[in-house]
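What follows is a short report on a single structure.
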Amino acid sequence: MGDDAKSQMDQNPSKVVFGTKRWFGRKYDEKDIHSDSRKWPFTVVERDGKHSIRMDLTYETKDIAPEEISTIILKRLKEDAESFLGTDIIKAVITVPVYFTDAQRQATKDAGIQAGWKVLRVINEPSAAVIAYGVDRIAPVECERNVLVFHLGGGTMTITHLLIEEGILENAATVTDTHIGGDVFTGRLVDHFASEFEHKFDKDVRSDSHALWRLWTVCEKAKCILSSEDQTSIEIESLYDGIDFRSTLSRSLFEELNQDIFVSILRHFHSVLMTRKLRKDLVEEIILSGGSTHIPKIREMVSEFFNNRALLKSIPPKEVVAHGAAVQAAILANDRGFKALDFCCLFVVVPLSLGIETARGIMTTTVRRNTTMPNRKEVYFTTVADNQTSILLRIHEGERIRTSDNRLLGQLELSGIPPAARGVPRIEVIFEMDYYGNLTISALERSSGLSNRLAITNEDFLSSQEIERMIVDGEQHQAEDEAFALAIGAETAPETMESTTQEVAVWFPPAEAASEDIEEVN
């Protein structure tokens, strides 16, 4: 485990397993995970539609699921804690990334149970970071405060905006990029020095997995040294084909190689602020979490982005999440050293906007992105043709104005509507999302009591990587979509709004609706 295992990477790269947490609760054929798995030195195979790691052990070949590896690690942590404290420990609080689905959270909890824990709670890492610093200290009870938690670990970057008021932590917005992290920085160094080796000796070190992972190990150590030093040496005896390799790495070269990633990080900060229409000066605290936040350039640019704001880092960023989990566990155990209270944490938000397709393929948004879960939203529809007896509601997720640019989640048909003139029937459509992201859409025609419902589970939604792609796509095409919306508004004069199709509904405001809800979509 840990450093003991990492030290084996240069000799036995195919037998050292890492980075498996991102596979929890994920299917084997998910494109982004499947493509990433081909980059790792160990062998990944399919078992029951999910990922497993094939390990060639001394006497057998064994396929091990990511959850089993997590169980092994948690068992070791339990043994270490019990040895240190001299007592049995049966209860624990476990943290997970904020973007984890309910299936991934459940997989984490199951791993903890298999390891011998009674899992008191599974909490999000950003919330744990806030708890570590003390909710009451960061936000006095009578105040509402905005806190950003900037997590940059080995393989993932997450920026979370937490709104804190009266002991309640609400996850107001989250941006995640699973392709920014310490491993990416190390990978840039490996590519640089592999190219340098090839230029000097006309040999490709990438063709030998043992040599490549020896270079990886040295580059990772060098990266960490640069957090406190301006320059370090790269020295590897007999790296490839008996050739010794020596070079130098400066902090300025490291920053040059990763400049585009640094720019991307600031873009993500800007995205979080824009999502919540939050000014920089209204952010009271910025908490650092994750080992890669030790990189001086990253600390410098984040501080400058927020007008030279001091960053919260007194608790080591690599430990702050574990610290917060321990505090939460002490509170739940009624430890006398902590306040006898519990934090109400509303962590989960809708990752992509949800809506219904209306005439001309327009997405009528019902639940906007970053709305806190659980939530409930009511909208009203009517018919577009005389004697129309059915409507078909197509439910989409995405940030574009045209449903063809978004993703179809499911369809809900309501048939048997009593014949009437267009615009007379009133169909109430309710979107309900629970804490775990499961969505239920129900439709009710009021005069007849005719109803139908559609259930969409959290597993039907996009993965975190696909969500990120769609958010970026929406931002890049925002001006185009706004222009299209204006053009549609100019074209849809009342006399041209009628449609011959019986599968498209028109949204109308009910008599009891507030004036600001009035909008007509054809």
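The values are calculated or read from the model by the stated rules, or taken from the named source; none is laboratory data. In this text the structure is predicted, and so the values were computed from the model without any measurement. Note that each Cβ is placed from the backbone with ideal geometry, even for glycine, and that neighbours are counted across all protein chains shown.
General observations
- Of all the numbered requirements in (1) buried (at least 21 other Cβ atoms within 10 Å of the Cβ); (2) modelled with pLDDT under 85; (3) at negative phi, Leu414 misses one, and that requirement is (2).
- Of all residues in the stretch 361-404, exactly one satisfies the criterion of being in contact with a Phe, Trp or Tyr (Cβ under 6 Å, 6 or more places away or on another chain) and either charged (D, E, K, R) or free of Cβ contacts under 8 Å to residues at least 40 places away in the same chain (or both), namely Lys377.
- Scanning the stretch 414-435 for residues that are in contact with a Pro (Cβ under 9 Å, 6 or more places away or on another chain) and farther than 14 Å from Asn387 by Cα turns up Glu428, Glu432, Met433, Asp434, Tyr435.
- Checked against the criterion of being at pLDDT 85 or above, closer than 29 Å to Ser271 by Cβ and either loosely packed, with under 14 Cβ neighbours inside 10 Å or in contact with a helix residue (DSSP H, G or I) (Cβ under 8 Å, 6 or more places away or on another chain) (or both), the stretch 359-371 contains one or more residues that satisfy it.
- Of the helices (runs of 4 or more DSSP H) lying entirely inside the stretch 202-303, those containing at least 3 residues that are of a type in the set (A, V, I, L, M, F, W, C) and out of contact with any His (no Cβ under 7 Å at 6 or more places or on another chain) are 209-225, 259-276.
- Residue check for Lys91: in contact (Cβ under 8 Å) with a residue 12 or more places away in the chain, crowded, with 18+ Cβ neighbours inside 10 Å and charged (D, E, K, R): no
- Sub-9 Å Cβ pairs linking a first residue in the stretch 186-197 that is in contact (Cβ under 8 Å) with a residue 24 or more places away in the chain to a second residue that is assigned to a helix (DSSP H, G or I) and among the basic types (Lys, Arg), at least 6 apart or interchain, are Thr186/Lys223; Leu189/Lys223; Val190/Arg206, ordered by first then second residue.
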